[in-house]
1. From the list Val10, Val46, Val28, Val41, exactly one residue is touching a residue at least 24 places away in the same chain (Cβ under 8 Å) and touching a His at 6+ places or on another chain (Cβ under 6 Å). Which is it?
2. Does Leu78 meet the test of being over 19 Å from Ala165 (Cα atoms), open to solvent by 50 Å² or more (accessible area, probe 1.4 Å), in contact (Cβ under 8 Å) with a residue 40 or more places away in the chain and aliphatic (A, V, I, L, M)?
3. Return yes when Gly88 is at pLDDT below 95, open to solvent by less than 70 Å² (accessible area, probe 1.4 Å) and at positive phi and no when it is not.
4. Could you tell me how many of the residues in the stretch 54-65 are modelled with pLDDT of 95 or more and either part of a loop (DSSP other than H, G, I, E, B) or of a type in the set (S, T, N, Q) (or both)?
5. Determine which member of the set Ala158, Ala192, Ala165 is out of contact with any His (no Cβ under 9 Å at 6 or more places or on another chain) and surrounded by 20 or more Cβ atoms within 10 Å (Cβ to Cβ).
6. Just give me the residues in the stretch 170-189 being more than 22 Å from the chain's Cα centre (by Cα) and open to solvent by 60 Å² or more (accessible area, probe 1.4 Å), in sequence order.
7. Here's a check for you: in the stretch 40-50, which residue that is touching a Leu at 6+ places or on another chain (Cβ under 8 Å) and in a helix (DSSP H, G or I) is surrounded by the most Cβ atoms within 10 Å (Cβ to Cβ)?
Amino acid sequence: MARKSLVGIVADELLDRIIAGEFLPGTVVPGELELSAKHEVSRMTVREAMKTLEAQRILSVERGRGTFVNPLNRWASLEAVLRAASEGKNDAAAAVQLIELRRMLETGACELAASRISPEEIDQLQVHVSAMQKAHDSNDLSAFVEADLGFHDVILRASGNVFVAVLFEPLHRVLETRRTQTSQIPDIQRHAIGHHRAILKALEASDAPRAREAMDAHMQQTLDDLRTYVLDA
């Protein structure tokens, strides 16, 4: 196996251990000798793997003290942050922060979409809302999540801003996992359908302020539902 591939594997394994909470933020990771024995690789491979994580600001080296795990808000790798958000121990904080991110981006995207959305995209939104209602009535969770995600994807594309779609693409797997978790609750599904209909009406009317307000209300309801039905349950 090429050294680069082996280094990547060890870096991923170390990241898995960090995300799992084995090495907490602010603590020192074991030395090269211990890690090389644990992962059954050479000390050179461990050294290069740790350099990879250091370059991503997951680890930081302090001369004379050791190598420390940085807090999540200092990490520079989006992929690593997303892995932590979907697999990590601090699930509640990650779930709230994901909605906060969506709120910042999707309210603006919805406002832009109001003046740019095409009749065909309006039709697609109507199809997705109908599919959400049908899935809710038939208790089809996977179909509900698929239609929910599809609705938001149409709006992101309709915004006409290429950066919005690029920013959201890496989030898709995490969003799908979160939606599947929260959408198991019928009340949350009902709330989502109602808010999606309000967003659709605003976009049909090409009313940008109303579209932004409707999406913001949806994000607030999503956050309220998360806290009421999931985090505080």
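The values are calculated or read from the model by the stated rules, or taken from the named source; none is laboratory data. What you see is a predicted model, and the numbers here were worked out from it, not measured in a lab. Please note: Cβ atoms are built from the backbone with ideal geometry, for glycine as well, and neighbour counts cover all protein chains shown. Calculation scope for accessible area: heavy atoms of the full protein, side chains included, ligands and nucleic acids excluded. Shrake-Rupley method; radii C 1.70, N 1.55, O 1.52, S 1.80 Å.
1. Numbers: Val46 fails: touching a His at 6+ places or on another chain (Cβ under 6 Å); Val28 fails: touching a His at 6+ places or on another chain (Cβ under 6 Å); Val41 fails: touching a His at 6+ places or on another chain (Cβ under 6 Å).
Being touching a residue at least 24 places away in the same chain (Cβ under 8 Å) and touching a His at 6+ places or on another chain (Cβ under 6 Å) holds for just one of Val10, Val46, Val28, Val41, which is Val10.
2. No; evaluated as a whole, the condition is false for this residue.
3. Considered against the rule, which asks whether it is at pLDDT below 95, open to solvent by less than 70 Å² (accessible area, probe 1.4 Å) and at positive phi, Gly88 comes out as no.
4. Number of matching residues: 4.
5. On the way: Ala192 fails: out of contact with any His (no Cβ under 9 Å at 6 or more places or on another chain); Ala165 fails: surrounded by 20 or more Cβ atoms within 10 Å (Cβ to Cβ).
After applying the criteria, what remains is Ala158.
6. Pro186
7. For the stretch 40-50, the residue satisfying everything is Ala49.
A quick yes/no check of all residues on (1) among the aliphatic types (A, V, I, L, M); (2) part of a strand (DSSP E or B):
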position: Arg17; (1), (2): no, no
position: Gly21; (1), (2): no, no
position: Pro25; (1), (2): no, no
position: Thr52; (1), (2): no, no
position: Thr67; (1), (2): no, yes
position: Ala94; (1), (2): yes, no
